[in-house]
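The values are calculated or read from the model by the stated rules, or taken from the named source; none is laboratory data. Values in this document were obtained by computation on a predicted structure and should not be read as measured data. Every residue, glycine among them, receives a Cβ derived from its backbone with ideal geometry; neighbour counts consider all protein chains shown. SASA here: full protein model, heavy atoms, side chains in, ligands and nucleic acids out. Shrake-Rupley method; radii C 1.70, N 1.55, O 1.52, S 1.80 Å.
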Amino acid sequence: RLEAEGETLDGDADDAELRAFLSWNIAEFWDLQTGLRVDLEPDDLVWGAVGVHGLAPYFFETDAHVFVSNEGDVSLRLEQSIDLAITQDLFLEPHVEVNVFTDDVPDLGVGGGFSDIEAGLQLRYEFSRKFAPYLDVVYERDLGETAIISRAAGEDVERTTARIGLRIRL
């Protein structure tokens, strides 16, 4: 499984991440995954990853991964979403992501503990299951020590953004 995700702000890459996972089915609707995550922006950083991907009760798509960087930093990411069909081709997808770090990572501007939360609502039109443009409205909030670090750097701890994108599955 290959995944790529990124954000631009005023034409400059603000955040870019590539993930490559090998998956093994361990139970009905659940896969064990291991692989790599490469953060291209803001800094080049390579993370080893292990986690699960699957369908929780009530059709919540779930990803839970532990990441260990090449510098020894450890983080946990939990993501959940659910597809709500408006029509056969139009879907509304509420989603949430929480990141946790075991220690402060000054190079990344994050503190130990719960570092941030992201909640959004994506509207997606699926021309096919493999090709779907979307519009996503996302609220992001830094938490705990990370919020303190962001405030000290003069950055906002809350952001609401509108995103457009394209989901491609090969």
Ile82 fails exactly one of the following numbered conditions: (1) in contact with a helix residue (DSSP H, G or I) (Cβ under 7 Å, 6 or more places away or on another chain); (2) modelled with pLDDT under 95; (3) β-branched (Val, Ile, Thr). What is the number of that condition? (2)
Of everything in the range 157-170, what is among the charged types (D, E, K, R) and outside any strand (DSSP E or B)? Give them in sequence order. Arg169
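Working only within the range 107-134, note down all residues that are touching a helix residue (DSSP H, G or I) at 6+ places or on another chain (Cβ under 8 Å) and either outside any loop (DSSP other than H, G, I, E, B) or of a type in the set (Ser, Thr, Tyr) (or both).
Once the filter is applied, which keeps residues that are touching a helix residue (DSSP H, G or I) at 6+ places or on another chain (Cβ under 8 Å) and either outside any loop (DSSP other than H, G, I, E, B) or of a type in the set (Ser, Thr, Tyr) (or both), the range 107-134 yields Val110, Gly113, Phe114, Ser115, Asp116.
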Just to be sure, is Asp107 under 20 Å from Asp14 (Cβ atoms) and either acidic (Asp, Glu) or open to solvent by 60 Å² or more (accessible area, probe 1.4 Å) (or both)? yes
Taking the range 135-156 on its own, how many of its residues are surrounded by fewer than 17 Cβ atoms within 10 Å (Cβ to Cβ) and not in a helix (DSSP H, G or I)? 10
For the range 14-34, indicate whether the set of residues that are within 25 Å of Asp142 (Cα to Cα) and more than 14 Å from the chain's Cα centre (by Cα) is non-empty. yes
Any residue in the range 89-103 that's within 14 Å of Gln122 (Cα to Cα): show its pairings with residues that are open to solvent by 50 Å² or more (accessible area, probe 1.4 Å) and of a type in the set (Gly, Ala, Ser) at Cβ separation under 7 Å, as long as the two are six or more apart or on different chains. Phe91/Ala85
Close pairs from the range 1-23: first assigned to a loop (DSSP other than H, G, I, E, B), partner surrounded by 12 or more Cβ atoms within 10 Å (Cβ to Cβ) and not polar (S, T, N, Q), Cβ under 9 Å, at least 6 apart: Arg1/Arg19; Arg1/Ala20; Arg1/Phe21; Arg1/Asp31; Arg1/Gly35; Arg1/His53
Within the bounds of the range 85-104, is there any residue that is open to solvent by less than 50 Å² (accessible area, probe 1.4 Å), at pLDDT below 95 and farther than 19 Å from Gly6 by Cα? no
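For the range 34-81, enumerate the residues that are among the β-branched types (Val, Ile, Thr) and open to solvent by 30 Å² or more (accessible area, probe 1.4 Å).
Taking the range 34-81 as the starting set, the residues that turn out to be among the β-branched types (Val, Ile, Thr) are 34, 38, 46, 50, 52, 62, 66, 68, 74.
Matches in the range 34-81: Thr34, Val38, Val46, Val50, Val52, Val66, Val68, Val74.
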